[in-house]
Amino acid sequence: MLEFLKYLDRRIIFIFIFLSTAIPLLFDIGLPIGSTKPVRDVYDHIEKLPPGSKVLVSCDYDPGSMPELFPMNIAVFKHLFDRGMKVYTTELWPAAPPLVENAWRETGGAMGKKYGTDFVNLGFKSGGEVVIVRMGTSIPELYPEDYYGTRISKIPMMEGIRDIQSFDFIMNISAGYPGTREWVQQIVSRYNMDLASGCTAVSAPEYYAYHQSGQILGLLGGMKSAAEYEKLTGIPSENPPIKARAMKGMDAQSMAHLVIVIFIIIGNVVYFLERKEQKDKR
Amino acid sequence: MLEILITWIAAFFTLCIFSFLYKDNPIYKFAEHVFVGVSFGYGFVLQYYNVFLPNVWNRMPWEDGGSLFTLIPLILGLLMLTRIFPDIGWISRWPLAVMIGSYAGLQIIGNAQGDLIEQVRANFLPLWTDTFSETIGNWFLVFGTITTLVFFFFSKEHKGVIGHTARVGIWVLMISFGASFGYTVMARVSLLIGRLQFLLEDCLHLM
Amino acid sequence: MKNVGRFRSLILFILMTFFLVLPPLYAQEEEGKNFKYEITRDIMKSLNESAEQGDIPENLVVALAPLQGKVFINEQAFRQELVGALGRQLSAQYQSRLVDMSKIRVDWFDMTKITIFIILIAFCGMVLFFSWKAKTDPNQFIRRIPGLDAISEAIGRCTEMGKPVLYVPGIDDMNNIQTIASMVILENVARVIGEYESDLIVPIRPPFVVPVAEEMVKKGYLDAGRPDAFKPENVRFISDEQFAYAAGVNGIMLREKPAANLLLGSFFAESLVIAETGVLAGAIQVAGTANEHQLPFFVAACDYTLIGEEIYAASAYLSKDPELVGSLKGSDWAKVVLSIIMLLGVVLETFGVHFLTEWFFIR
Amino acid sequence: MKREIPLAITAIFGIFMVAQLFIPHYLVQDISGRLQDWAVVIVAFAYILGVANIIKINSGVICRRGQDWEYKIVMLIALVIMMLSGILLGKDPDDSLPIFDFMYNSMYVPMQSTMFALLAFFIASAAFRAFRARTTEAILLLVTATIVMIGRVSLGEFIWERLPDITEWIMNYPNNAGKRGIKIGASLGAISIGLKVILGIEKSYLGGD
């Protein structure tokens, strides 16, 4: 038995992981979803902004982290459009713009908002930090056209947008580099802007340090936070029809974690038994 | 109709990639190579429409609102392509120098203002507060950070007081790595959930 | 030495040309921009503060708000617009004040950034001072870094077993400072390997790193006195795609069975895949990265891990170059100073004194 | 020429990037803004270089009939279709590119997501194999990881309602202490290397000659 566990084929572990995520997805368990402070901080801040505020949402992610960040993107868009904000988006990752388009169609588009007066997608620019710093000095120079190639002078809501300080709030949805860390380093301290971050769970522990120091005023970390935010913003909703993607996955998330913890325990039991065996031999 | 086709092709490729879990196989290799091709082609098109057209081509001197200075990055950019030819590859160091210089400069100011000063300032915390958990937490934060910094001392041997402090520093680091590990597990599981949701809900309509 | 002097003067010359020629050229093109007046967010903030203290009437601030972000080409236009927006004549006192405040962009130094400036200058000064001092005293002490000692041990083992060493320099391009650090380590590793006579395989993701890595390996072998040992086919471009690259590295680990894997540089999600395959292949693994989120996997799966700043220290440690070790000493002193400042700040905060916190508050 | 000019360019760009933080004068701001515009374009060309490189290397493999050359043909076909359909068919929001969008949605999105999803399996097997309580350090890592994994999901709330608060405390204090230490240390390291790069002391990135 010990030998079997010691050289356990990893495919057996794979099967357990697969079952522990697939079964809860098919059968609803309904574990509770609370809300944590960093998530409420984001929500409260957007609630406090006056309607018509200019909000920049920088969507720096790609399909690789879509399950975590796309629900966040949808929930944030819905919240902002519900509150009547003007939403501007930029992307620092090449694969992001089509995802942002989808999120816009599902939220603002379905809610009857208009492209050009309520929402504009400025598109992708390569360069990470350089792009962020350039936004600090001039947006029309860096983004002469929007994602569709329309001159920004022809877009009504671009009037009066000069640089990053023309925005009242920045929401960054970040899957890694370039992302929240670069926004914090180049924009927050320098221009004293309000920034909140929605990030993958991988980078969340790092950004907690930014939240504690007040450099970001709220943090959505991973799918769990996305689920919390969905709950706060009233998703799933009928009108417009928006699915609750993150909330639905929460039971599966719990079960998979449980299975991984059990495997860690088994691994350690095997380790200790083995060590005892070796000691006995000596 | 198109939607259904997209869903089923997507499902096919999803399964191709998942087949790697059993072992490396031709189907996986096929999908992987298609992916690399598609992703680079996609990136190229995006750079063309989002950077090259608006920031270079439409700002050439002969365009409305263009300037002669736009020729400089165009030339430097083209010089970068000399990398493909080994004999004149050294010219590509010029544009490379632009990248390295810019990023080195930005990293200096970014690290100084965003990480160094702000993070030191954030540790100016009172060691006595109204709530017990916050007081304990502040002690943890202040002394944990300092012990970690001691661990990063390189010009003193880790012996005696410094050695003990550095050891505590390692413990603090390990706790924070534990937190990172827990969160990373969460992230990866979420990604799997996303894929299974796609297969079970969008393809098979089981959910 | 003559060479060095020539190249410095050339740099100076180019810098001077740049400073002297470009601005006038530029100014000509952008004529009219020199008299820019605008109401920035900062001005609105300071106006608000003045209004709160009763320095200026509050309705003035309210009336000015719509003008925020507008740029005026000269002072007269600015005044006219102001008067128009307010719908009444401003008293001369307020007018001059507003115009003054709008001219912030012609300052030669931004006083709000003084904290960053002082700290940056102090730190850079320290680094340069200690590395300069180290030239006169080459015996610089640097503490033992177990992970780096393990590298030569691992290379020795590879030689005994007749197996190659695998060096993975992360997946980021040259513009990441960690990759630059990794290249310097690579040179030293190549030198040690040259002495031991084993093979070194370097798989690479970004195309730009390939020539640099080749050069580093060549130089390392040359220093070890065995320039003939360099095999160009061992510095390999694998793939530009993250996971295709990881798969390629895994393939090398399983097929060519290196006895030592050195994973030093900037790693992301592939770290787990690579490190776990290394465990399966049974190699000694030394890893290091400053990407905090990937450290847990290296700590768990590798025999030795360089954490954060240790990877920057590694080049100094391996080369024992007094100048580099000296600059490490500079950053150690910075840590001491910062720790003391931190404790001071904590004591002051505990007793409710906030001036230090305010000075450090750079926003 | 081969080394001096790149060093001078590095110095100019580096100095302007630092200077634009401290000098608000329009001259410095406008010049550094322009330099940033250039850098954005050059980074884009670096990407094109990547594509050119892929074509060069893989066509070499195909000509030589090297390892997996059949797959390389597939890769190049996918690359060319994607590029041509994107650029030749143009980009119009009303009549969105059929082939380009189709390939993005049916290939790029599922395959990239699935590649990352594989990590869920690998992380479980890595946890089973590598996370052993060998030392005090390993125990600390393991215990924290377990608490966070359970406490941060709904299961934790279900087991004990205070568990999420404890997890949040761990994230906010002990976790931040370690992260902050690394951040401060690593930022010092990065600044000092950045300084050496700009001053031309560290020039290994240029390679030889």
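The values are calculated or read from the model by the stated rules, or taken from the named source; none is laboratory data. The structure displayed is predicted, hence computed values, not measured ones. Note: ideal-geometry Cβ built from the backbone for every residue, glycine included; neighbour counts use all protein chains shown.
Things to note:
- Enumeration of residues in segment A:25-48 that are assigned to a helix (DSSP H, G or I) and facing another protein chain (nearest Cβ under 9 Å): A:LEU25, A:LEU26, A:LYS37, A:PRO38
- Of A:GLU159, A:GLU145, all but one fail to be more than 25 Å from A:LEU219 (Cβ to Cβ), of a type outside the set (Ser, Thr, Tyr) and surrounded by fewer than 18 Cβ atoms within 10 Å (Cβ to Cβ); the exception is A:GLU159.
- Matching residues in segment A:191-205 - criterion: being crowded, with 24+ Cβ neighbours inside 10 Å and within 7 Å of another protein chain (Cβ to nearest Cβ): A:THR200, A:ALA201, A:VAL202, A:SER203, A:ALA204, A:PRO205
- Among the residues of segment D:36-67, those that are in a helix (DSSP H, G or I), more than 7 Å from every other protein chain (Cβ to nearest Cβ) and surrounded by fewer than 22 Cβ atoms within 10 Å (Cβ to Cβ) comprise D:ILE55, D:SER59, D:GLY60, D:VAL61, D:ILE62, D:CYS63, D:ARG64.
- Complete set of residues in segment D:144-170 that are part of a helix (DSSP H, G or I) and under 30 Å from the mean Cα position of the chain (by Cα): D:THR144, D:ALA145, D:THR146, D:ILE147, D:VAL148, D:MET149, D:ILE150, D:GLY151, D:THR167, D:GLU168, D:TRP169, D:ILE170
One line per residue, one yes/no per condition, for (1) assigned by TED's automatic domain parsing to the domain that holds A:ILE155; (2) surrounded by fewer than 19 Cβ atoms within 10 Å (Cβ to Cβ); (3) touching a strand residue (DSSP E or B) at 6+ places or on another chain (Cβ under 8 Å); (4) closer than 30 Å to B:ASN55 by Cα:
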site	(1), (2), (3), (4)
A:ILE17	no, no, no, no
A:LYS48	yes, yes, no, no
A:SER65	yes, no, no, yes
A:HIS79	yes, no, no, no
A:ASP82	yes, yes, no, no
A:TYR88	yes, no, yes, yes
A:LEU92	yes, no, yes, yes
A:LEU99	yes, no, yes, yes
A:TRP104	yes, no, yes, yes
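- Only residues that are touching a Pro at 6+ places or on another chain (Cβ under 8 Å) and either loosely packed, with under 13 Cβ neighbours inside 10 Å or outside the structural domain of C:VAL189 (by TED's automatic domain parsing) (or both) were counted across segment C:141-165, and they come to 0.
Each row is one residue, and each column tells you yes or no for (1) part of a helix (DSSP H, G or I); (2) closer than 30 Å to B:ILE136 by Cβ.
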residue: C:PRO296; (1), (2): yes, yes
residue: C:LEU306; (1), (2): no, no
residue: C:SER315; (1), (2): yes, no
residue: C:LEU318; (1), (2): yes, no
residue: C:GLY330; (1), (2): yes, no
residue: C:ALA334; (1), (2): yes, yes
residue: C:ILE340; (1), (2): yes, yes
residue: C:LEU348; (1), (2): yes, yes
residue: C:GLY352; (1), (2): no, yes
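- Considering only residues in segment A:22-45 that are β-branched (Val, Ile, Thr) and surrounded by fewer than 22 Cβ atoms within 10 Å (Cβ to Cβ), the one that is farthest from B:ARG195 (Cα to Cα) turns out to be A:THR36.
- Qualifying residue in segment A:123-131 (condition: buried (at least 24 other Cβ atoms within 10 Å of the Cβ), among the charged types (D, E, K, R), assigned by TED's automatic domain parsing to the domain that holds A:LEU49 and touching a residue at least 24 places away in the same chain (Cβ under 8 Å)): yes
- Residue in segment C:236-246 that is surrounded by 21 or more Cβ atoms within 10 Å (Cβ to Cβ), at pLDDT 85 or above and of a type in the set (A, V, I, L, M, F, W, C) present: yes
- Test: residue in segment A:238-250 that is more than 29 Å from the chain's Cα centre (by Cα) and either on the phi < 0 side of the Ramachandran plot or within 10 Å of another protein chain (Cβ to nearest Cβ) (or both): no
- Restricting D:LYS203, D:LYS183 to residues that are more than 9 Å from chain B (Cβ to nearest Cβ) and either closer than 25 Å to C:THR305 by Cα or surrounded by fewer than 24 Cβ atoms within 10 Å (Cβ to Cβ) (or both) narrows the list to D:LYS203.
- Residue selection: B:GLY137 satisfies the criterion of being surrounded by fewer than 24 Cβ atoms within 10 Å (Cβ to Cβ), within 14 Å of chain A (Cβ to nearest Cβ) and assigned to a helix (DSSP H, G or I).
- Residues within segment A:149-170 that are in contact with a strand residue (DSSP E or B) (Cβ under 8 Å, 6 or more places away or on another chain), assigned to a loop (DSSP other than H, G, I, E, B) and under 19 Å from A:LEU92 (Cβ atoms), tallied: 2
- Breaking point among (1) assigned to a helix (DSSP H, G or I); (2) modelled with pLDDT under 90, for B:ASN50: (2)
- Whichever residue in segment C:166-186 is within 12 Å of chain B (Cβ to nearest Cβ) and outside any helix (DSSP H, G or I) and, among such residues, is surrounded by the fewest Cβ atoms within 10 Å (Cβ to Cβ): C:ASP173
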